[in-house]
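Participant: One structure, pasted below without further comment.
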Amino acid sequence: MKKSSRESWSGQLGFILASAASAIGLGNLWRFPYLTAKYGGGIFLLVYFLLLLTIGAMLMTTEIALGRKTRLSPLHGFGKLVKSWSFLGILFVAVSAVILPYYIVIGGWILKYVFAYAFIPQEITDAAHPANTAFFSNFISNPSQSLLFAGMFFAMSALFIVMGVKNGIEKMNKILMPALFFLAIAIAGYVCMQPNAIEGIKYYLVPDLNKFYVETNGTSHFSFTMLCKTIVAAMGQMFFSLSLAMGIMVTYGSYMKKSDNIENSTWHIEFCDTIVAIIAGLMIIPAAFAFPPAGQTGIEAVSQAGPGLLFETLPRVFTQMQAPKMITLSFFVLVLAAALTSSVSMMETLQSSIKDKMKWSRKKSVTILSVYILIMMIPHSLCYSNACKGFFSKKILGMEFLSLNDFLANSVLMPLGAFALCIFVGWILKPNFIIREIETKGNTFKLKKFYSLTIKWIAPIFIAIILVTCILSGLKIIDI
Ligand code: PFF
């Protein structure tokens, strides 16, 4: 395919909206509130913001600039720049290829809740009601149900991909993103007006440095371990939430026009992503503090890892709050919209990589990608059921297939890719390569000195620490 025939966004706004839509996903609505509650509320927010404004912004700028420079998706683009570094493109694409199938399966779970809340009469209280604990376990252990809903979510994502960059992805984002934003504000407003919500709001928003102090033998002292744990969690969240090291920003950058300002766009994307994460915290943390499920404190209710928070605790919290069905339904519709726009961005990254590498048409690469996704959806959907005599539910390293891939992508491949990216850009291509791309067509790069320092030193050192810590904690050698 000739370079000039590459599709492009209609303008800078289209690019910002699409990238923000990719960034705003389950990471904001589910992972962020849970991590914030677990790591001390306001103090986690503070650490997260610092990372976002430094390492996060510089890495996002790098990925977008690399995409725009090569006008290629990562699988082909990195190798085009320096042949021996094509493995980096493979690594980025591998992250997406591992995450996408399970993200789609989780998207199917959300779709199931949207259906359940839309069609089940309010009077039902037995296991058919989504607020019943048995509802979720019954659903995920039913192979045909989880496959059916994952298939529906996949079909919705694929539809926008087939329609292309401007007519599919951009149009979808123009409708779903504002809708998502207004729904989130409305739900957060409703939750924050509940009696007792203020305790959760305070815990969430006011940084308390005492969270870094622990008591031993009656004396309180600063805990370096607590600080490290918070930084590791915030950094992992930042990568996931900004869709970094997945190849998405490289791909979306490759559709960006030369005259558009990369530095400005980065700040806009980060701003949108963070605002939605903050609002998500305001929907979830005060709700759980005001109406914790029986036998749990607010913090315990929110800070549980895994699907429990979204699919078991929150429906119960909303029921206890006696929220109108419309509120709970809107909540799941909003989560669905966020998951859909993110999964579309990842699917686009993968299809674009296949298309650039094989020089195929969009239709052909989407078809091949669909076959891969449909096959991979099977073990991810069936790993919580007894299907095939429990073949798919066998645990590896103590994790189900879905959790194992989540660990592999987020704790191993993603930090590895981010580290390699810093070395590639900081030491092989050199920061000036990126700075020149950002400054094309008269644009300025105000933070270029800070950029060079970050990409060569600060980011790789931090990421290396995160990588080692994540692997050790995943293997249960340390507790973080
Ligand atoms: N930034 C996205 C999120 O917060 O959910 C990360 C992501 C995951 C994007 C999976 C796309 C995707 F398919």
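Participant: Can you tell me the convex hull volume per residue for segment 241-301, based on C-alpha atoms, in Å³ to the nearest whole number?
Facilitator: 102 Å³
Participant: Could you check how much of the accessible area of the chain is carbon and sulfur, as a whole percent, using a 1.4 Å probe?
Facilitator: Here it works out to 68 percent.
Participant: Residues with beta-carbon under 15 Å from that of I262, excluding I262: net charge, scoring Lys, Arg +1 and Asp, Glu -1?
Facilitator: Neighbour charge sum, excluding I262 itself: +3.
Participant: Something else: Report, in whole Å, the centroid distance computed from the Cα atoms of segment 84-102 and segment 387-425.
Facilitator: That distance is 12 Å.
Participant: Next question. Give me the mean projected area, in nm² to one decimal, of the convex hull enclosing the Cα positions of segment 164-294.
Facilitator: 12.1 nm²
Participant: Right, next: Which three lengths, in whole Å and largest first, does the chain cover when its Cα atoms are put on their principal axes?
Facilitator: Between the extreme Cα coordinates on each principal axis of the chain lie 60, 57, 42 Å.
Participant: If you take every residue apart from A23 with its C-beta less than 11 Å away from the C-beta of A23, what net charge results, scoring Lys and Arg +1 and Asp and Glu -1?
Facilitator: Around A23, the surrounding residues sum to -2.
Participant: Another question, if that's okay. May I ask you to list the chymotrypsin sites (Phe, Trp or Tyr not before Pro) in segment 375-473 that are in a DSSP loop and have at most 12 other Cβ atoms within 10 Å of their Cβ?
Facilitator: Passing both the DSSP loop test and the Cβ count: F391.
Participant: Quick check: the distance between the Cα centres of segment 135-183 and segment 240-257, to the nearest angstrom?
Facilitator: Here the answer is 20 Å between Cα centres.
Participant: Take the residue pairs K211/K430; K171/K441; K83/K229; K112/K166; K69/K449; K171/K202 and return only those whose Cα atoms are more than 32 Å apart.
Facilitator: The pairs that break the limit, which is 32 Å between Cα atoms, are K211/K430; K83/K229; K171/K202.
Participant: Which of the lysines could a cross-linker bridge to K394, judged by Cα under 21 Å and excluding same-chain residues fewer than eight apart?
Facilitator: In chain and number order, the partners are K476.
Participant: Next question. Please report, largest first and rounded to whole Å, the three semi-axes of the ellipsoid equivalent to segment 172-227, where each semi-axis is the square root of five times an eigenvalue of the C-alpha gyration tensor.
Facilitator: 38, 17, 6
Participant: Along the charge dipole of segment 137-267, pointing to its positive end and built from +1/-1 on Cβ of Lys, Arg, Asp and Glu, which listed residue (F154, N217, W267) has its Cα farthest out?
Facilitator: With unit charges placed on the Cβ atoms, the residue in question is F154.
Participant: Hey, another quick one. With a 1.4 Å probe and every protein chain left in place, work out the accessible area per residue of the chain in Å², rounded to a whole number.
Facilitator: Here the residues of the chain average 40 Å² of exposed surface.
Participant: Calculate I(q)/I(0) for segment 283-410 by the Debye formula, one identical point scatterer on each C-alpha and no solvent, and give its log10 at q = 0.18, 0.19 Å⁻¹ to two decimals.
Facilitator: Relative scattering, expressed as log10 I(q)/I(0), comes to -1.10, -1.13.
Participant: With θ set to phi - 60°, apply the Karplus curve 6.51 cos²θ - 1.76 cosθ + 1.60 along segment 61-75 and write out the HN-Hα couplings as whole Hz, x wherever there is a Gly or Pro.
Facilitator: 4, 4, 5, 5, 5, 4, x, 5, 5, 7, 6, 9, 6, x, 4
Participant: Over the heavy atoms of E199, what accessible area does a 1.4 Å probe trace out, to the nearest 10 Å²?
Facilitator: The accessible area comes out at roughly 100 Å².
Participant: If I take all pairs of Cα atoms in segment 64-220, what percentage of them are more than 19 Å from each other?
Facilitator: 76 percent
Participant: Using C-alpha positions alone, give me the convex hull volume of segment 1-103 per residue in cubic angstrom.
Facilitator: 143 Å³
Participant: Given N residues in segment 357-480, what is its alpha carbon radius of gyration divided by 2.2 N^0.38 Å?
Facilitator: The value comes to 1.50.
The values are calculated or read from the model by the stated rules, or taken from the named source; none is laboratory data. Because the structure is predicted, anything quoted here is derived from the model rather than measured. Reconstructed Cβ throughout: ideal geometry from the backbone, glycine too, with neighbour counts over all protein chains shown. Heads up: the accessible areas ignore ligands, DNA and RNA and are worked out on the full protein's heavy atoms, side chains in. Shrake-Rupley method; radii C 1.70, N 1.55, O 1.52, S 1.80 Å.
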